[in-house]
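The values are calculated or read from the model by the stated rules, or taken from the named source; none is laboratory data. Because the structure is predicted, anything quoted here is derived from the model rather than measured. Cβ placement follows ideal geometry from the backbone for every residue including glycine, while neighbour counts extend to all protein chains displayed. Each accessible area value is taken on the protein alone, full model and side chains, heavy atoms only, with ligands, DNA and RNA left out. Shrake-Rupley method; radii C 1.70, N 1.55, O 1.52, S 1.80 Å.
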Amino acid sequence: MSAPETSSAAETWTLVEAVVRRSGTSFYWAMRCLPEKKRQAMYGIYAFCREVDDIADGPGGGDEKLARLGQWRVEIDRLFGDHPRHPVAQALQGPVEDFGLKKEDFHAVIDGMEVDTDEPLRIADMDELNLYCDRVACAVGRLCVCVFGIDSANGRELAFALGQALQLTNILRDIREDAGRDRLYIPEELLRTHGVTDPDLSAKMESSGFSKACEVLAGIGVGRFEQAAEVISRCEREKVRPAIMMMEIYRRILGRLMHRGWKNLSLPVGISKVGKLWIALRYGYF
């Protein structure tokens with residue numbers, strides 16, 4: 001990780017917002033409805049996640065990636081020591097102070113990215129999958145609910161439920177793409193339960209038991225979305241609008257995945273930009 005200096009706060013935020021805009025993700029649409037200070041905080045959190053995710057998914061060997069993630073771990077320590085060097089970390093200085101963001105949650109995200117550097121990557125059981133989801137998704141949720149201003153008890157439950165729902169949806173949507181990197185997040189124990197024992201990745205994915213294992217994870221995801229919706233019903237709607245939009249987008253994606261099934265993984269599933277805009281208007285502004 002290089003550590004460039006920026007000449008002004010305005011330039012720093014211009015850089016961070018550009019990262020979010022380029023992503024083209026549901027996140028951008030969901031966060032646009034926030035007041036400026038909260039929106040900037042969420043953009044900073046996203047830009048950090050994008051930085052470390054790009055390391056894990058980018059070129060280079062495992063040792064090189066771990067070293068670069070280690071540099072980000074040091075940079076987060078600098079952030080909380082009030083002397084960050086990277087523009088994204090500099091952008092997070094205000095949000096850390098304003099919203100009480102926790103260092104351990106940033107570190108947890110890096111822990112999750114370190115898992116993604118394994119080649120090949122396999123998940124042993126549901127406990128390992130739950131830990132992975134906590135690091136790469138629920139930890140991000142814990143940062144987000146601090147910005148939203150949700151009380152601690154509801155915030156942590158929402159971060160857990162919605163974080164796991166979103167990550168399971170990502171896993172089930174990206175099976176073929178992940179396989180191209182020799183990654184499989186469907187737990188080996190779950191696969192064995194459904195008769196999938198072949199060590200070859202392609203053979204696993206073509207097995208009838210593979211679809212059944214995916215259906216189990218999809219069912220867990222449906223339950224987590226229901227749990228998240230129940231928590232949201234207890235919160236002030238104005239504070240949870242971005243969470244509602246993310247939930248509605250990803251719940252639709254999961255529903256379409258379940259309708260398609262997991263026998264034809266080459267058939268893409270997603271929400272169009274127009275669809276995302278409709279959801280943003282429906283749940284974010286009206």
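A few points about this structure:
- 5 angstrom amide H check on residue 183, placed H, neighbours 5+ away: 121
- The range 104-127 versus the range 75-97: alpha-carbon centroid distance in Å: 23 Å
- Solvent exposure, largest accessible area first (probe 1.4 Å, DNA, RNA and ligands not counted), of 86, 194, 259: 259, 194, 86
- Helix 139-148 axis versus longest C-alpha principal axis of the chain: approximately 40°, rounded to the nearest ten.
- Think of the chain as a dipole: +1 on every Lys or Arg Cβ, -1 on every Asp or Glu Cβ, centred on the Cα centre; then among 67, 184, 171, 171 lies furthest on the positive end.
- Annotated for the chain: lysine pairs at least 8 residues apart or interchain, Cα distance under 18 Å, count 7.
- Taking Cα centre as origin and charging only the Cβ of basic (Lys, Arg, +1) and acidic (Asp, Glu, -1) residues, the dipole magnitude of the chain rounds to 1380 debye.
- Cα long-axis angle, helix 152-173 against the chain (0 to 90 degrees, to the nearest 10): 50 degrees
- Shown is the FRET efficiency for residue 215 and residue 80, computed with R0 = 30 Å from the Cβ-Cβ distance and rounded to the nearest 0.05: 0.10.
- Accessible surface of the chain [probe 1.4 Å, protein heavy atoms]: carbon and sulfur percent: 50 percent
- Residue among 22, 256, 39 with the largest mean-square fluctuation in a Gaussian network model of the chain, springs linking Cα atoms under 10 Å: 22
- The gain in end-to-end length when the residue 156 to residue 182 segment is fully stretched comes to 6.1 nm, 0.36 nm per residue minus the alpha carbon separation.
- In a reduced charge model with +1 at each Lys and Arg Cβ and -1 at each Asp and Glu Cβ, the range 27-135 shows a dipole moment near 660 debye about its Cα centre.
- Choice from 228, 139, 18 showing the highest fluctuation, given a GNM over the chain with Cα pairs closer than 10 Å: 18
- Stokes-Einstein D in µm²/s, Kirkwood radius over Cα pairs - the chain at 20 °C with 1.002 mPa s viscosity: 109 µm²/s
- Rolling a 1.4 angstrom probe over the protein heavy atoms with all chains in place gives the chain an accessible area of 46 Å² per residue.
- Compared with the dominant principal axis of the Cα atoms in the chain, helix 62-80 is inclined by about 40°.
- As a calculated quantity, the FRET efficiency between residue 126 and residue 266 at R0 = 35 Å, using C-beta atoms, amounts to about 0.80.
- Cβ-Cβ distance of residue 11 and residue 67, R₀ of 22 Å, FRET efficiency by 1/(1 + (r/R0)^6): the value works out to about 0.20.
- Helical runs (DSSP H, four residues minimum) scored at -39500 (n - 2.57) apiece and divided by the length of the chain put the mean residue ellipticity at 222 nm at -22000 deg cm²/dmol.
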